[in-house]
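Everything on this sheet refers to the single structure shown next.
The values are calculated or read from the model by the stated rules, or taken from the named source; none is laboratory data. Small disclaimer: the values here were computed from a predicted structure and weren't measured. Glycine gets a Cβ as well: all are built from the backbone with ideal geometry, and neighbour counts include every protein chain shown. SASA here: full protein model, heavy atoms, side chains in, ligands and nucleic acids out. Shrake-Rupley method; radii C 1.70, N 1.55, O 1.52, S 1.80 Å.
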Amino acid sequence: MELSLSNTSSLRIPQNDFLSLHNCSRPGSFHFSNKKLASKSISLWRSLIWRQPHLVRLEAQTAIESNASGDKHGDDDFIVEDVPHLTDFFPDLPSYTNPLKKSQAYAIVKKTFVSPEDMVAKEIIVQKDSPRGIHFRRAGPREKVFFTPEEVRACIVTCGGLCPGINTVIREIVCGLKNMYGVDDVLGIQGGYSGFYSKNTLNLTTKVVNDIHKRGGTFLQTSRGHDTKKIVDNIQDRGINQVYIIGGDGTQKGAAAIYKEVEKRGIKVAVAGIPKTIDNDIAVIDKSFGFDTAVEEAQRAINAAHVEAESVQNGVGIVKLMGRYSGFIAMLATLGNRDVDCCLIPESPFYLEGPGGLYEYVEQQLKENKHVLIVLAEGAGQEYVAQSMQAFQEKDASGNRLLLDVGLWLTQNIKDYFTNVRKMTINMKYIDPTYMIRAIPSIASDNIYCTLLAQSAVHGAMAGFTGFTVGPVNSRHAYIPINRVTETTNTVNMTGRMWARLLASTNQPSFVNHQTVRERVDKETIDAINNMKINST
Ligand SMILES: Nc1ncnc2c1ncn2[C@@H]1O[C@H](COP(=O)(O)OP(=O)(O)OP(=O)(O)O)[C@@H](O)[C@H]1O
Ligand SMILES: O=P(O)(O)OC[C@H]1O[C@](O)(CO)[C@@H](O)[C@@H]1O
Ligand SMILES: [Mg+2]
């Protein structure tokens, strides 16, 4: 591989070797006082590059020089957020030629292996002068693998709530390991994380998983709750060296903890996360699998509520959909339907009474159209329900707040208001299909997505990557450091265009009053001024 000084900002450097060579105190960010030293270091590292360890951000003097010579954004702003590799901890780990090289399936593929240089950009919308920004390693098969088929003992576990497509991912991991890499030994951990230490395992063969993708749910069962030490004890006891973990944000936090514990114990185990969540609340990735299936299934409930509401006098149809903290299902199901008059989600506070409130809007719709249709995410308006019920907020075994039933609360409030205050007779039709939209098998497009995720995870683990979550970033599959996807939650952006599209489509009130807008504008102005101050210091 050719390296020039102009791309010194993204070198594949074995971090440990570098640290021992240069005794650098700040891993991940390295400064060179002059070009000669940078050049010397590069030639030292060049010989170590084949091991594919961390990509390390390198702030070289040369990059600054290239900026000075007119290149406005040198390579120092090309940031790679890389995933760990087993050779970071086992520098002498042997590598082998990837069996895909001789695979019939890939025989006529022009470029079977992903180049170690290939990166996926986190931001796809850029301006001419904007920095090159954050990148992730592109997912896919590598020329060298760090496991022989015979030595692999893989396991698969599924945690958290259900989601269409889990079985497809399980199936494709088993089939991918067998058909692409000749791996026979795959264990199914039953009943989520706790299954590691409380249940027997299942031998997963291609025959066993052959038609599980036709079923909803998870073939392996799921649970909430965990004990990281006991999980890793079990991984060690069973001689497992590849762990495939399918689950949402909580599960990925669990995967990060397992990876850390594995690292601490110094055992050769690749930990791969496959993000799963019906709520689409996982950060960085484009969309979670099963989400499209859920949005499609939600149409049946919304259509039914619409038919019911428009078939009676003053019909009020209310549909409650899933979405604990993120209202993506409700938003997309509304946008995809067009009969919905109002969509309420956790990110957008709403109010009932007074000008611009929900009651006023419902009354107006009833006057104009004789019916109204509301789609509600389960996490919306939780503060109102809690207030009215004076309820104690319980938590589930994973520590997630248990939601109160906002659907029943809203139904009752609308009924009371129109009957008692407005003296109007309304016909309430409430549909709660929450579990129905996630307990079904995935549609074809989600199955394809699940296959890509599973195969990318298998390629990554076989290539020796670990501590990663796989997922599409701007439509390209990437290996993302697990912490990156758990540090924030993906929520609907209230100031983004998608929510504005929804408001434009339903014509519902934005529930944002003048005062709130004023405060937000003021806050944004103050933040911008503060940022300017920070940048100029
Ligand atoms: N901070 C954490 N550290 C380690 N493990 C965690 C953490 N949070 C959650 N887990 C474990 O991850 C598993 C799933 O978590 P959780 O119930 O939050 O669902 P999830 O993965 O977020 O999926 P979903 O939200 O789609 O239902 C549980 O076994 C839980 O104990
Ligand atoms: O009732 P369960 O199975 O705990 O799951 C409910 C939660 O799981 C999710 O489907 C995913 O987080 C949420 O939308 C929902 O609140
Ligand atoms: Mg979650």
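Results, tabulated for the structure shown:
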| quantity | calculated |
| --- | --- |
| Exclusive hit being more than 20 Å from Ile170 (Cα to Cα), outside any helix (DSSP H, G or I) and of a type in the set (Val, Ile, Thr), set Ile246, Ile267, Ile274 | Ile267 |
| Candidates Lys199, Lys144 - the one that is open to solvent by 10 Å² or more (accessible area, probe 1.4 Å), farther than 26 Å from Ser445 by Cα and within 16 Å of ligand 1 (Cβ to nearest atom) | Lys199 |
| Residue match in the stretch 125-134 (condition: buried (at least 21 other Cβ atoms within 10 Å of the Cβ) and in contact with a strand residue (DSSP E or B) (Cβ under 6 Å, 6 or more places away or on another chain)) | no |
| Residue that is farthest from ligand 3 (Cβ to nearest atom) [pool: residues in the stretch 304-325 that are assigned to a loop (DSSP other than H, G, I, E, B) and among the hydrophobic types (A, V, I, L, M, F, W, C)] | Val312 |
| Options Lys253, Lys268, Lys276: the member that is in contact (Cβ under 8 Å) with a residue 40 or more places away in the chain, more than 9 Å from ligand 1 (Cβ to nearest atom), more than 30 Å from His371 (Cβ to Cβ) and buried (at least 16 other Cβ atoms within 10 Å of the Cβ) | Lys268 |
| The listed residue being at negative phi and assigned to a strand (DSSP E or B), out of Tyr435, Tyr479 | Tyr479 |
| Residue in the stretch 211-218 that is within 23 Å of Arg265 (Cβ to Cβ), more than 13 Å from ligand 1 (Cβ to nearest atom) and either in a loop (DSSP other than H, G, I, E, B) or touching a Lys or Arg at 6+ places or on another chain (Cβ under 6 Å) (or both) present | no |
| Residue in the stretch 304-322 that is surrounded by the fewest Cβ atoms within 10 Å (Cβ to Cβ), counting only those that are hydrophobic (A, V, I, L, M, F, W, C) and touching a helix residue (DSSP H, G or I) at 6+ places or on another chain (Cβ under 7 Å) | Ile318 |
| Residues being over 20 Å from the mean Cα position of the chain (by Cα) and not hydrophobic (A, V, I, L, M, F, W, C) - total across the stretch 227-259 | 12 |
| All positions within the stretch 392-423 that are surrounded by fewer than 19 Cβ atoms within 10 Å (Cβ to Cβ), within 16 Å of ligand 1 (Cβ to nearest atom) and either polar (S, T, N, Q) or assigned to a loop (DSSP other than H, G, I, E, B) (or both) | Gln393, Glu394, Asp396, Ala397, Gly399, Asn400, Leu402 |
| Subset of the stretch 198-255 [of a type in the set (Asp, Glu) and either more than 16 Å from ligand 3 (Cβ to nearest atom) or closer than 15 Å to Gly188 by Cβ (or both)] | Asp211, Asp227, Asp233, Asp237 |
| Residue satisfying all of: in the stretch 289-303; polar (S, T, N, Q) and either closer than 26 Å to Gln242 by Cα or surrounded by fewer than 22 Cβ atoms within 10 Å (Cβ to Cβ) (or both); farthest from ligand 3 (Cβ to nearest atom) among these | Asn303 |
| Residue list for the stretch 367-391, restricted to those being more than 16 Å from ligand 1 (Cβ to nearest atom), touching a residue at least 40 places away in the same chain (Cβ under 8 Å) and touching a Phe, Trp or Tyr at 6+ places or on another chain (Cβ under 9 Å) | Val372, Ala380 |
| Check on Asp286, in contact with a helix residue (DSSP H, G or I) (Cβ under 6 Å, 6 or more places away or on another chain), touching a residue at least 40 places away in the same chain (Cβ under 8 Å), open to solvent by 30 Å² or more (accessible area, probe 1.4 Å) and of a type outside the set (Ser, Thr, Tyr) | no |
| Any chance Val183 is more than 16 Å from ligand 3 (Cβ to nearest atom), assigned to a loop (DSSP other than H, G, I, E, B) and buried (at least 20 other Cβ atoms within 10 Å of the Cβ) | yes |
| Total residues in the stretch 147-160, condition open to solvent by less than 10 Å² (accessible area, probe 1.4 Å) and either on the phi > 0 side of the Ramachandran plot or within 16 Å of ligand 2 (Cβ to nearest atom) (or both) | 2 |
